[in-house]
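Visitor: Handing you this structure, nothing more for now.
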Number of protein chains: 2
Amino acid sequence: MNYDEAKNKFISTWGSLGSLWGINKTMAQIHALLLISPEPLSMEDIMEQLQISRGNTSMNLRQLMDWGIVFKENIMGERKEYFTSEKDIQELTKQIAKERSRRELKPTIKILKDVSNMQQDGTSKTTELIKQTKALHEMASNLDTMMNKIATHDHNWFTKTLLKLIK
Amino acid sequence: MNYDEAKNKFISTWGSLGSLWGINKTMAQIHALLLISPEPLSMEDIMEQLQISRGNTSMNLRQLMDWGIVFKENIMGERKEYFTSEKDIQELTKQIAKERSRRELKPTIKILKDVSNMQQDGTSKTTELIKQTKALHEMASNLDTMMNKIATHDHNWFTKTLLKLIK
DNA sequence: TTAAACTTTCAAAAAATACTGAAAGTTTAA
DNA sequence: TTAAACTTTCAGTATTTTTTGAAAGTTTAA
């Protein structure tokens, strides 16, 4: 496999993975491209390499920056803006864990809590609803705590802990 | 909050969560409905409660069965088919971990391995591509091992382990 | 058998989502 | 200032995904 084949394979795989996880394909591809690029890239570079429009590039870069995994970088003497991604995979994992907790888990946990605290009326359907949302609440809270450990501990905590678990 | 409010809140929350995770909204809503229903439901019941068509119901139920989290149940003396979901949240978690490993992680790991084993040609771009895909491969493999522990260990292993971790 | 009761399939329609490109906006250098 | 170099926004368009509903398929009871 030569460089271009390998690169395209990686970018397209990352792209479809992304869309499987609620992140759009282009956003994931831009991220993949930056992740393997030794140099920061300009908007033009990204547009050209992925064959996408200026508007699309701009909006997806913004979202990646909102996720905290892509950054603007100024190159001295250059007017243009350049972009890099978080290159450290452990750091990337931490950031993703943090954001998914904030965006998805926390709000879900709140609703599960509200629902499971509804008025018990003794009917079997209410009993079941309370029971199941309580159980989901507990599971989601445990997961959330784990995600936040990943996000706040030092660099290697997650890998070290995983390995300990696994043995 | 009365029963209907609570139920609707739960179903719609579960629905939007689903679509955030690559599972379509209706599929997630059917799952939610079955999860909190004390009795198995027929296709008619589901169609009526979620206001969706017969075809849609049929296809999404099939997918849920493919995931191994919804089952057909025969009620004696009844011609119709009835459906229930896995009610045990720990068991549900195991099943989801297993399927996501099989459908997403495993194929991704294979590609990361292939790409990271490409011919090194000494250029900085090739070096970076190999380095990053290797790092992702390692992270993905660790996650996959964890998911499979969840999937194969006994019932409570995951929760117990999480709690140990967390403290 | 056959016909009623039910489920699945799939082409077409609808809905949701993503993308384009040009106009508007911003920044910088002179 | 101003104008060149760049980025953002957003209405309209294209693409993808989901849904519908009717026809085809299957099962069961008589």
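Visitor: Please pick out the residue among B:37, B:19 that is away from DNA strand D (no atom under 14 Å from the Cβ) and within 27 Å of residue B:158 (Cβ to Cβ). Working first, answer last.
Guide: Values: B:19 fails: away from DNA strand D (no atom under 14 Å from the Cβ).
From the options B:37, B:19, the qualifying one is B:37.
Visitor: Same structure again: For the stretch A:97-106, does any single residue satisfy the condition of being within 16 Å of DNA strand C (Cβ to nearest atom) and out of contact with any His (no Cβ under 8 Å at 6 or more places or on another chain)?
Guide: Within the stretch A:97-106 (the criterion being within 16 Å of DNA strand C (Cβ to nearest atom) and out of contact with any His (no Cβ under 8 Å at 6 or more places or on another chain)), the answer is yes, since at least one residue qualifies.
Visitor: Considering (1) touching a helix residue (DSSP H, G or I) at 6+ places or on another chain (Cβ under 9 Å); (2) farther than 20 Å from residue A:140 by Cβ; (3) within 16 Å of DNA strand C (Cβ to nearest atom), say which one residue A:88 fails and leave the rest.
Guide: Only one criterion in (1) touching a helix residue (DSSP H, G or I) at 6+ places or on another chain (Cβ under 9 Å); (2) farther than 20 Å from residue A:140 by Cβ; (3) within 16 Å of DNA strand C (Cβ to nearest atom) is unmet by residue A:88, namely (3).
Visitor: Run down B:125, B:164, B:131, B:149 and say which single residue is within 22 Å of the chain's Cα centre (by Cα) and open to solvent by 30 Å² or more (accessible area, probe 1.4 Å).
Guide: Values: B:125 fails: within 22 Å of the chain's Cα centre (by Cα); B:164 fails: within 22 Å of the chain's Cα centre (by Cα); B:131 fails: within 22 Å of the chain's Cα centre (by Cα).
None of the other options fit; the residue is B:149.
Visitor: Pick from the stretch B:20-54 the residues that are open to solvent by 60 Å² or more (accessible area, probe 1.4 Å) and assigned to a helix (DSSP H, G or I): which of them is farthest from residue A:133 (Cα to Cα)?
Guide: Of the residues in the stretch B:20-54, the ones open to solvent by 60 Å² or more (accessible area, probe 1.4 Å) are B:20-21, B:24-25, B:39, B:44, B:48-49, B:51, B:53-54.
Right, trim to assigned to a helix (DSSP H, G or I) and you get B:20, B:25, B:44, B:48-49, B:54.
Details: B:20: 19, B:25: 19, B:44: 25, B:48: 23, B:49: 19, B:54: 28 Å.
Filtering the stretch B:20-54 for residues that are open to solvent by 60 Å² or more (accessible area, probe 1.4 Å) and assigned to a helix (DSSP H, G or I), the one farthest from residue A:133 (Cα to Cα) comes out as B:54.
Visitor: When residue A:83 is evaluated against the numbered criteria (1) within 16 Å of DNA strand D (Cβ to nearest atom); (2) more than 19 Å from residue A:27 (Cβ to Cβ); (3) of a type outside the set (Lys, Arg), which criterion, by number, is the only one it fails?
Guide: (2)
Visitor: I'd like to check which helices (runs of 4 or more DSSP H) are fully inside the stretch A:76-167 and have at least 2 residues that are more than 7 Å from every other protein chain (Cβ to nearest Cβ) and free of Cβ contacts under 8 Å to residues at least 24 places away in the same chain.
Guide: A:106-116, A:124-152, A:157-166
Visitor: From A:103, A:79, grab the single residue that is more than 28 Å from residue B:21 (Cβ to Cβ), among the basic types (Lys, Arg) and open to solvent by 40 Å² or more (accessible area, probe 1.4 Å). Steps first, answer last, please.
Guide: Values: A:103 fails: more than 28 Å from residue B:21 (Cβ to Cβ).
Sole residue among the options that is more than 28 Å from residue B:21 (Cβ to Cβ), among the basic types (Lys, Arg) and open to solvent by 40 Å² or more (accessible area, probe 1.4 Å): A:79.
Rundown of residues vs (1) within 10 Å of DNA strand D (Cβ to nearest atom); (2) within 23 Å of residue B:156 (Cβ to Cβ), yes/no style:
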position: B:30; (1), (2): yes, no
position: B:42; (1), (2): no, no
position: B:50; (1), (2): yes, no
position: B:53; (1), (2): yes, no
position: B:87; (1), (2): no, yes
position: B:90; (1), (2): no, yes
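The values are calculated or read from the model by the stated rules, or taken from the named source; none is laboratory data. Worth saying up front: this structure is predicted, and the values here are computed from it rather than measured. Every residue, glycine among them, receives a Cβ derived from its backbone with ideal geometry; neighbour counts consider all protein chains shown. These area figures cover heavy atoms from the full protein model, side chains too; ligands, DNA and RNA do not enter into them. Shrake-Rupley method; radii C 1.70, N 1.55, O 1.52, S 1.80 Å.
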